[in-house]
1. Suppose the filter is under 25 Å from the mean Cα position of the chain (by Cα), surrounded by fewer than 22 Cβ atoms within 10 Å (Cβ to Cβ) and either part of a helix (DSSP H, G or I) or polar (S, T, N, Q) (or both); does GLN342 pass it?
2. Taking the range 347-379, which residues are surrounded by 18 or more Cβ atoms within 10 Å (Cβ to Cβ), more than 30 Å from PHE134 (Cα to Cα) and either touching an Asp or Glu at 6+ places or on another chain (Cβ under 7 Å) or not small (Gly, Ala, Ser) (or both)?
3. Any residue in the range 347-372 that's under 13 Å from LEU386 (Cβ atoms): show its pairings with residues that are among the hydroxyl-bearing types (Ser, Thr, Tyr) at Cβ separation under 6 Å, as long as the two are six or more apart or on different chains.
4. Residues in the range 202-220: is at least one assigned to a helix (DSSP H, G or I) and either small (Gly, Ala, Ser) or more than 18 Å from GLN103 (Cβ to Cβ) (or both)?
5. Just checking, does the range 85-95 include any residue being assigned to a loop (DSSP other than H, G, I, E, B), of a type outside the set (Val, Ile, Thr) and crowded, with 22+ Cβ neighbours inside 10 Å?
6. Among residues belonging to the range 104-118 that are of a type in the set (A, V, I, L, M, F, W, C) and in a helix (DSSP H, G or I), point out the one that is surrounded by the most Cβ atoms within 10 Å (Cβ to Cβ).
7. Looking at (1) in the same structural domain as ALA64 (by TED's automatic domain parsing); (2) touching a strand residue (DSSP E or B) at 6+ places or on another chain (Cβ under 8 Å); (3) not hydrophobic (A, V, I, L, M, F, W, C), which is the one condition that is false for GLU278?
Amino acid sequence: MNYTDLLADRTGKMGASAIREILKVVGKPGMVSLAGGIPSPDSFPMDTIKDLIDKVMSKYGSSAFQYDLSEGFTPLREAMADYLGQKGIRLSPEQVLIQSGSQGVLDSLCKVLVSKGDKIAVEAPTYLGAIQAFKPYEPCFIEMEMDDEGLIPESLEETLKNHNIKFVYTVPTFQNPTGRSISIERRKEIAEIILKYDALLVEDDPYSNLRYTGEPVPAIKTMAPDNVVYVTTLSKVLAPGLRIGVVAAPETISEWMVVVKQGVDLHTATFSQAIAAEYVAGGFLNQQLPKIIELYRPRHAAMLNALEKYFPADFTFSRPEGGMFIWVEGPEGLNLVDGYWQAVEQNVAYVPGKYFYTEETKGFSTMRLNFTMSEATVIESAIEKLAGVLKTL
């Protein structure tokens, strides 16, 4: 039987994660991965999770294993509303939805909002997972310009002035892949522009808790609450395997997202939500965050110091105050996709930056580096090796 003939047309817009494919070599013995965007398992509060499992079993009993509301487990929605309120995002529990990871949120948003040919405005570069979530719905991507302070407001305004944009997608704090953050002044400008054009902005915020230096900046959601869909996750501050995504959207969009979820998985796993509820409501998240930051801070510093020390002078790199990534830009004409395989031969892996652009001709001279998964001494040695490879390209 020719099963290919059975496939839907939309599969032509889908594909396996490019990053996951090229990173199959990461399991090779001796390989140092500066590539994957995953939290260190040392950041998981394992002892706390053991205690929370016992608490969930005694507190909720069999209901922690039962079907539950599509909107989310009520104690978790209450806990997240309170927690986000501490960040200036004022929500009732009813305004909080729980999804199966923030990736599930991005897919649901497109299913609700995007028809074939609709335009989505994205930063250039942008989060690869968002590109993958959006592509099957066959949108037209409009790239917006960035600099060291993140999204440039003038580029956003030019985009909204010249295009009928369904929504704007941004990762404003410690962006994946660049690590850049939008300054407070720009956030205010962006909020004003969004309001001026009555546009919808999707604010993806998985990394803002991972700050090692500098002062926190408020979410854009606090400045234009009715025009922003705010998305966050517990994957980086609890454990990604629990698949807890959180979204606060305008009421009409929120209602349709619930309908979508009912057709996909009915609800996010109740047991995972119960653990997360006790973790947040019990103050364990606030206790764990300093430990995570102290784990990552020396790794962050080690990578920045090593890049400064070893990389060729014609390379530049971002200097984020937090998050998980550093973005490197080489001289024009360099092909760091080919360079990746030479680096692998030296037992160092990174992610070529081209995969973070919606325009396939861009990003060949860039790379994304991750510092959360390796010790500081390992990072320095790996950067030295990588610098050696770059000098031969």
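1. On the way: under 25 Å from the mean Cα position of the chain (by Cα): no; surrounded by fewer than 22 Cβ atoms within 10 Å (Cβ to Cβ): yes; either part of a helix (DSSP H, G or I) or polar (S, T, N, Q) (or both): yes.
No: the conditions fail for GLN342.
2. Taking the range 347-379 first, the residues surrounded by 18 or more Cβ atoms within 10 Å (Cβ to Cβ) are 348-358, 363-374, 379.
Filter once more, so that each one left must be more than 30 Å from PHE134 (Cα to Cα): 348, 374, 379.
Hits for the range 347-379 are VAL348, ILE379.
3. ALA349/SER33; PRO352/TYR340; MET367/TYR350; LEU369/TYR350
4. As a first pass, look at the range 202-220 and keep what is assigned to a helix (DSSP H, G or I): 220.
In the following step, the residues that additionally are either small (Gly, Ala, Ser) or more than 18 Å from GLN103 (Cβ to Cβ) (or both) were identified as 220.
Yes, there is a match, as at least one residue in the range 202-220 is assigned to a helix (DSSP H, G or I) and either small (Gly, Ala, Ser) or more than 18 Å from GLN103 (Cβ to Cβ) (or both).
5. Just the residues of the range 85-95 that are assigned to a loop (DSSP other than H, G, I, E, B), to begin with: 86-92.
In the following step, the residues that additionally are of a type outside the set (Val, Ile, Thr) were identified as 86-88, 90-92.
After this cut, where a residue has to be crowded, with 22+ Cβ neighbours inside 10 Å as well, the list is none.
For the range 85-95, residues assigned to a loop (DSSP other than H, G, I, E, B), of a type outside the set (Val, Ile, Thr) and crowded, with 22+ Cβ neighbours inside 10 Å: absent.
6. So in the range 104-118, the residues of a type in the set (A, V, I, L, M, F, W, C) come out as 105-106, 109-110, 112-114.
Still in the list and also in a helix (DSSP H, G or I): 105-106, 109-110, 112-113.
Numbers: VAL105: 27, LEU106: 25, LEU109: 29, CYS110: 24, VAL112: 18, LEU113: 19.
Top of the filtered list is LEU109.
7. Condition not satisfied by GLU278: (2).
Every residue, every condition in (1) under 23 Å from VAL105 (Cα atoms); (2) surrounded by 18 or more Cβ atoms within 10 Å (Cβ to Cβ), yes or no:
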residue: ALA124; (1), (2): yes, yes
residue: GLU138; (1), (2): yes, no
residue: MET146; (1), (2): no, yes
residue: ASN162; (1), (2): no, no
residue: TYR169; (1), (2): yes, yes
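The values are calculated or read from the model by the stated rules, or taken from the named source; none is laboratory data. Not measured: the values here are computed from a predicted model. Here the Cβ is made from the backbone with ideal geometry for all residues, glycine too, and neighbour counts use every protein chain on show.
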